[in-house]
Amino acid sequence: MTPGVTDAVVTRGLTKRFRGGQVAVADLDLNVPQGSVFGFLGPNGSGKTTTIRMLLGLVSPTAGAVTLLGEPMPRSAAAALPRVGALIEGPACYPFLSGAVNLARLDAADRTADPATRHNRVNEALERVGLLAARGKRYKAYSLGMRQRLGLAAALLRPRELLVLDEPTNGLDPQGTREIRSLVRAVADEGSTVFLSSHLLAEVEQVCTHAAVLSHGKLVAVGTVESLRTAAAGHLVVRTPDVGLAVTTLRGLGIPDVSADGDQVTAAADSVPPEVACAALVADGVRVQALAVQRPSLEEAFVALTGEGFDVTE
């Protein structure tokens with residue numbers, strides 16, 4: 001972590017407008033806390049990759065400012081980028097060279113890397129992503145998932161204060177996806193900040209501490225994952241043989257959206273504390289077999305925030 005810096009990434013008014021007037025990212029304000037696993041969440045085409053390219057100085061913003069690890073970008077890219085590992089839209093490698101040789105070439109391009117320890121560094125990075133057995137295999141023979149793993153290995157060649165990952169589980173099978181999630185958690189436990197862009201809700205919900213939701217280039221919500229989930233109203237669910245009486249009681253408490261289905265009654269959860277609702281039901285003679293407050297998933301919260309769903313699911 002950088003002493004005196006509380007946020008690994010800060011953007012203010014970040015905007016990218018392409019020729020023809022198309023706005024890819026509009027007036028984006030982000031604060032990514034140091035040490036967090038920050039999910040950058042949105043459907044394909046929502047502006048996530050364009051934002052990441054602006055963060056790293058690969059694309060010039062039309063307006064706004066970016067600070068990376070306390071350094072203004074792109075003016076101080078030479079000071080910031082050696083402390084950042086990144087995987088953006090898959091790695092670019094030489095197809096006829098092996099995975100290990102490709103990593104060695106990438107490592108050699110880092111002027112701060114010690115050549116004497118390069119071999120060990122490459123092997124350790126390959127081992128972390130499960131590619132050590134394929135170190136001698138040519139890149140052109142790698143599957144899509146293996147290429148994603150190699151890109152992660154490249155980002156992990158050196159200890160990084162910030163790891164920026166754009167759709168890191170793209171092309172991976174379920175087992176590979178779980179392994180990458182574990183790797184992300186391990187990197188965060190070592191003290192790095194991870195900025196992870198994804199359209200997979202389960203990925204963000206399981207591994208991230210914070211998240212921002214992007215829709216059509218605009219930030220619609222940001223906060224901890226838990227706060228985003230609870231932004232959508234929960235439901236009070238009551239199971240009882242006395243459905244009609246339960247509906248009457250809950251409506252009498254002023255609870256909105258009361259409905260019944262079989263032996264289950266559902267109502268909005270946040271207008272009355274659940275213990276108050278339970279006491280009222282019992283007092284009215286309702287035989288309560290079960291009562292629970294169900295909080296929404298991140299997917300339900302996203303739909304509530306944006307009015308749209310994701311085009312791709314895990």
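The values are calculated or read from the model by the stated rules, or taken from the named source; none is laboratory data. Computed from a predicted model, the values in this text were never measured in an experiment. FYI the Cβ positions are ideal-geometry reconstructions off the backbone, even for glycines, and counts take in every protein chain you see.
So how many residues does segment 6-50 have that are basic (Lys, Arg), farther than 15 Å from Glu89 by Cα and crowded, with 23+ Cβ neighbours inside 10 Å?
Qualifying residue count for the region: 0.
Of all residues in segment 51-69, those satisfying the criterion of being surrounded by 15 or more Cβ atoms within 10 Å (Cβ to Cβ) and farther than 14 Å from Leu30 by Cα are Arg53, Leu56, Gly57, Val59, Pro61, Thr62.
For the criterion of being in a helix (DSSP H, G or I) and surrounded by 14 or more Cβ atoms within 10 Å (Cβ to Cβ), Ala100 passes.
Yes/no per residue for (1) without any contact (Cβ under 8 Å) to a residue 60 or more places away in the chain; (2) over 16 Å from Ala92 (Cα atoms); (3) not in a loop (DSSP other than H, G, I, E, B):
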residue	(1), (2), (3)
His119	yes, yes, yes
Ala154	no, no, yes
Leu157	no, no, no
Thr177	no, yes, yes
Val187	yes, yes, yes
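Can you tell me how many residues within segment 71-91 are surrounded by fewer than 18 Cβ atoms within 10 Å (Cβ to Cβ) and within 19 Å of Pro33 (Cα to Cα)?
So the count comes out to 1.
Look at segment 100-114: where a residue is assigned by TED's automatic domain parsing to the domain that holds Leu81 and a partner is of a type outside the set (Ser, Thr, Tyr) and surrounded by fewer than 13 Cβ atoms within 10 Å (Cβ to Cβ), sitting 6+ places away or on another chain with Cβ atoms under 7 Å, you get Ala100/Gly136.
With respect to (1) under 30 Å from Thr62 (Cα atoms); (2) outside any helix (DSSP H, G or I); (3) within 17 Å of the chain's Cα centre (by Cα); (4) not polar (S, T, N, Q), the lone exception for Val204 is condition (2).
Hey, any hits in segment 59-70 for a residue that's under 22 Å from Leu201 (Cα atoms) and either assigned by TED's automatic domain parsing to the domain that holds His216 or in contact with a strand residue (DSSP E or B) (Cβ under 7 Å, 6 or more places away or on another chain) (or both)? No, that holds for no residue. Considering every residue within segment 140-151, establish whether at least one is in contact with a Pro (Cβ under 7 Å, 6 or more places away or on another chain) and farther than 27 Å from Ala77 by Cβ. Taking every residue of segment 140-151 in turn, at least one turns out to be in contact with a Pro (Cβ under 7 Å, 6 or more places away or on another chain) and farther than 27 Å from Ala77 by Cβ.
Of all residues being free of Cβ contacts under 8 Å to residues at least 60 places away in the same chain and out of contact with any helix residue (DSSP H, G or I) (no Cβ under 8 Å at 6 or more places or on another chain) in segment 139-152, which is nearest to Thr177 (Cα to Cα)? Just the residue, please. Of everything passing the filter in segment 139-152, Leu144 is nearest to Thr177 (Cα to Cα). Taken over segment 48-81, the residue count meeting the criterion of being in contact (Cβ under 8 Å) with a residue 40 or more places away in the chain and either under 13 Å from Val9 (Cα atoms) or within 14 Å of the chain's Cα centre (by Cα) (or both) is 13.
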